Amino acid sequence: ASHISKVKAYIDANYKDTTLNIPLLAERAGVSEVYFRRLFKEQYGISPSGYIEKVRLDTARQMMKYSFFTIEECALQNGFTSVQYFCRVFKKMYGQTPGEYRKQI
């Protein structure tokens, strides 16, 4: 499963890339997409796409602590292709919108 940890390191280094996807990651691991998803989930307890989203959200949330970044910049600089999608997954993950989060900091 060391090839899975190498792919996780690749995600950590490339999470801002909007073209990052499961077929690409499975190819990097040298396994099928279905097998890659299963191995990743077994090893890390989260799906590969869930992990990518979490890394992107965590980093965007860190950026939001600095008021000179707009919410749009926080989204787009961390691999989200749309602000609307970012706001939706942010609220799903943290129970509040990015704007509400920023107001309470």
Residues of region 74-105 satisfying the condition of being more than 22 Å from ALA13 (Cβ to Cβ) and open to solvent by less than 70 Å² (accessible area, probe 1.4 Å):
SER82, VAL83, CYS87, PHE90, TYR94, GLY95, GLN96, THR97, PRO98, GLY99, TYR101, ARG102
Qualifying position, being touching a residue at least 60 places away in the same chain (Cβ under 8 Å) and of a type in the set (Ser, Thr, Tyr), among TYR15, TYR35, TYR10
TYR15
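Got a sec? Which of ILE46, ILE71 is surrounded by fewer than 18 Cβ atoms within 10 Å (Cβ to Cβ), without any contact (Cβ under 8 Å) to a residue 60 or more places away in the chain and of a type in the set (A, V, I, L, M, F, W, C)? Quick ask: steps written out before the conclusion?
Details: ILE71 fails: surrounded by fewer than 18 Cβ atoms within 10 Å (Cβ to Cβ).
One residue alone meets the criteria, ILE46.
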So ARG28 fits all but one of (1) open to solvent by 70 Å² or more (accessible area, probe 1.4 Å); (2) out of contact with any Phe, Trp or Tyr (no Cβ under 9 Å at 6 or more places or on another chain); (3) assigned to a helix (DSSP H, G or I); what number is the exception?
(2)
Note on region 49-66: residues in contact (Cβ under 8 Å) with a residue 24 or more places away in the chain and open to solvent by 50 Å² or more (accessible area, probe 1.4 Å) are SER49, LYS54, ARG61, LYS65
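The values are calculated or read from the model by the stated rules, or taken from the named source; none is laboratory data. A quick note: this is a predicted structure, and the numbers were derived from the prediction, not measured. Please note: Cβ atoms are built from the backbone with ideal geometry, for glycine as well, and neighbour counts cover all protein chains shown. To get the accessible areas, we keep the full protein, side chains included, count just its heavy atoms, and leave off ligands, DNA and RNA. Shrake-Rupley method; radii C 1.70, N 1.55, O 1.52, S 1.80 Å.
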